[in-house]
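The values are calculated or read from the model by the stated rules, or taken from the named source; none is laboratory data. Keep in mind it's a predicted model, so treat the numbers as computed, not measured. Here the Cβ is made from the backbone with ideal geometry for all residues, glycine too, and neighbour counts use every protein chain on show.
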Amino acid sequence: MSRYFFMLLVSLLWTAGFAHAATDPFKTSSVVTKDEFLPFEQAYVLDAQFVNDALTLHWQIKDGYYLYRHQFAFKTENGAAVPADIPAGKSKEDEYFGHVEVYYHAIDIVVKPASAQTFTLGVTAQGCADAGLCYPPATVYFRVDPAAKSVTPTAAPVAKSIAAAKLNVPAAESSLRQWLGILLFAALGGSILNLMPCVFPVLSLKALSFAAHRDQRQGLHGLVYTFGVILSFVLVAGVLLLLKAAGQAIGWGFQLQQPWFVGGLTYLFFAMGLSLSGFWELGGSWMGFGDKLATRGGYSGSFFTGVLATLVASPCTAPFMGSALGFAATQPPLQSLSIFAALGFGMALPMLLLSLSPRLLAYIPKPGAWMDRFKQALAFPLYATAIWLCWIVGRQTGSSGMAVILGGTLAITLALWLWRFGIIARAFAAASLAFALAVLGSPLLLAGQQSLTTAPADKAWQPYRAETLAQLRAAGKPVFLNVTADWCITCLTNEKVALGTDSVKQAFQQHGVTYLKADWTNYDPAITALLAEFGRNGIPLYVLFPSDPKAEPVVLPQLLSPTRVIEAVAAAAPKS
């Protein structure tokens, strides 16, 4: 089997993913599901302007949606409340808030600034749909100049944003310094991605190729690899920005919310594992075993290795990435793309340094039989990853979807075996491969509600709902919110080493903390909006809401330890 078979599989997976996302990224069936609810910003269109010298906020509300009167809040960038005239609404007996006043169709609110100085106004609102979906409270920001009677939409104030808090950048600092700091955070987060178990086998093979060809121009291959990684990150970012501009409430990792894409990744890891086990040859110029790396095929191999490394890193979110991605979501397209490019550069940097430094290359043992044994050993992490991805498909679609993917891996194995036996056998191999790719479009791979829909028997946590969180906060109870997904490796690790430990469970119980899980395994616009509320564009996200309903929530780091969680819980609990 030539290297072109593998390149074709990677290319089809990427191009099909972007074509699918651009046409109908989240619609999975004709049955009405959460996927068909409008994003918050489309259901409630807010316009702010001065009318007759009065700052007027006008909401245009889509049919079937409504806003709560008691959930409106208006604050400056310093947290000071801004008075407003809120008209009476329509009385409603709400399932979650009891007797409330709501607004259908449209609402006008007049805000009364305390001075004529320019300030940033944060406008918070919460609404629901009659069909059953309640959105979390959402805040939009405007730059208001009462003297000039001008109102301009803006991003969250730097002093209040999570990205700025992590960077400790005062609001008065220049935007250039903030942007450069975010680029540094992005590069650091990208570098840490190299340690993820999905990425490490791919990079190990590339490092082995440098060891096997010490007399070749590895520096050029490192640059080509870097270009492949950066271009892949920018391409993913471009699709993400286009879909957000089209009104889709999505974030980093959106492609993994599609079972067919996860199934395609399963194929990819399984085929790579078979190659490393010697079942078929991936191609010397592809990973560096055989042909000279200085040929055209070798450079294309370095480029596609970068593409592959980005593809297999997609389930991961490293430390520092959360702030960078959240900041990128609020910036103009060019700045957003530059942040994703910095992520890609950070991920490619270790391999680039290795390729450019003869001193570092000297630490790699000389070629020998150990390389073949090491290559075969690397197949087993890939098999394990394929099993994990297949499990994710099962969580998203049920056992039938998992069976479809397993059948596809069988077809790929058959295709690789038939490829050895001449032209006629290769025709059957191509048909078998086509079948494996075609089953990715099976109706059995439609996303369902298999994941985190019910709490465990011991009631350790509850599924997240916006109204549940609002009720608990109104009652003065501390809440720990975990926004997670089955395809998020960092999330699963944190649950194992921190949140699932007896000491953390005991701390939750001792301080009366309610543990809520928001599952983002499948597409959910309400959870996407929740992430945006905290300046995030991806997961994991851990938020601790203190017992005081007026206190600001605390965002915990993306890597947790039992001690860190227990200390935060103790600080947020009611004081005796």
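Side notes on the structure shown:
- Search result, residues across segment 355-391 that are surrounded by fewer than 22 Cβ atoms within 10 Å (Cβ to Cβ), touching a residue at least 12 places away in the same chain (Cβ under 8 Å) and either farther than 21 Å from Ser277 by Cα or aromatic (Phe, Trp, Tyr) (or both): Leu356, Leu361, Ile364, Pro365, Lys366, Phe374, Phe380, Tyr383, Trp391
- Glu93 loosely packed, with under 15 Cβ neighbours inside 10 Å and among the acidic types (Asp, Glu): yes
- Against the numbered list (1) out of contact with any Pro (no Cβ under 7 Å at 6 or more places or on another chain); (2) assigned to a loop (DSSP other than H, G, I, E, B), Ser91 comes up short only at (2).
- Of note, Ile539 satisfies the criterion of being touching a Cys at 6+ places or on another chain (Cβ under 6 Å), buried (at least 18 other Cβ atoms within 10 Å of the Cβ) and either part of a helix (DSSP H, G or I) or modelled with pLDDT under 90 (or both).
- Lone qualifier among Ala470, Ala485, Ala460, Ala455 - being closer than 14 Å to Arg395 by Cβ and either of a type in the set (Phe, Trp, Tyr) or modelled with pLDDT under 90 (or both): Ala485
- Residue selected from segment 392-414 under the condition of a type in the set (Val, Ile, Thr) and touching a Pro at 6+ places or on another chain (Cβ under 7 Å), by the criterion farthest from Gly278 (Cα to Cα): Thr397
- Helices (runs of 4 or more DSSP H) within segment 356-439 that include 2 or more residues of a type in the set (Ser, Thr, Tyr) and either more than 13 Å from Gly263 (Cβ to Cβ) or assigned by TED's automatic domain parsing to the domain that holds Phe279 (or both): 379-397, 399-418
- Candidates Leu352, Leu356, Leu334, Leu293: the one that is in contact with a His (Cβ under 7 Å, 6 or more places away or on another chain) and either modelled with pLDDT of 75 or more or over 19 Å from Leu231 (Cα atoms) (or both) is Leu293.
- Cβ pairs under 7 Å, 6+ apart, first in segment 461-487 and surrounded by fewer than 20 Cβ atoms within 10 Å (Cβ to Cβ), second in a helix (DSSP H, G or I) and polar (S, T, N, Q): Gln462/Thr468
- In the set (1) under 26 Å from Gly189 (Cβ atoms); (2) part of a loop (DSSP other than H, G, I, E, B); (3) not charged (D, E, K, R), the condition left unmet by Pro549 is number (1).
- Residue within segment 524-536 that is in contact with an Asp or Glu (Cβ under 9 Å, 6 or more places away or on another chain), under 30 Å from Phe261 (Cα atoms) and of a type in the set (Asp, Glu) present: yes
- Looking across segment 489-508, the residues that are in contact with a Pro (Cβ under 7 Å, 6 or more places away or on another chain) and among the small types (Gly, Ala, Ser) come down to Ala498, Ser503.
- Residue selected from segment 70-83 under the condition surrounded by fewer than 17 Cβ atoms within 10 Å (Cβ to Cβ) and of a type in the set (A, V, I, L, M, F, W, C), by the criterion nearest to Val123 (Cα to Cα): Ala73
- Candidates in segment 71-90 are the residues that are polar (S, T, N, Q) and in contact with a strand residue (DSSP E or B) (Cβ under 7 Å, 6 or more places away or on another chain); of these, the one that is modelled with the highest pLDDT is Gln71.
- For segment 82-112, filtering for residues that are hydroxyl-bearing (Ser, Thr, Tyr) and over 20 Å from Ala48 (Cα atoms) leaves 2.
- Any hit, segment 44-62, residues being modelled with pLDDT under 90, out of contact with any helix residue (DSSP H, G or I) (no Cβ under 9 Å at 6 or more places or on another chain) and farther than 30 Å from Ala116 by Cβ: no
- Scope segment 415-434; condition of a type in the set (Phe, Trp, Tyr), within 19 Å of Leu274 (Cα to Cα) and surrounded by 14 or more Cβ atoms within 10 Å (Cβ to Cβ); matching residues: Trp417, Trp419
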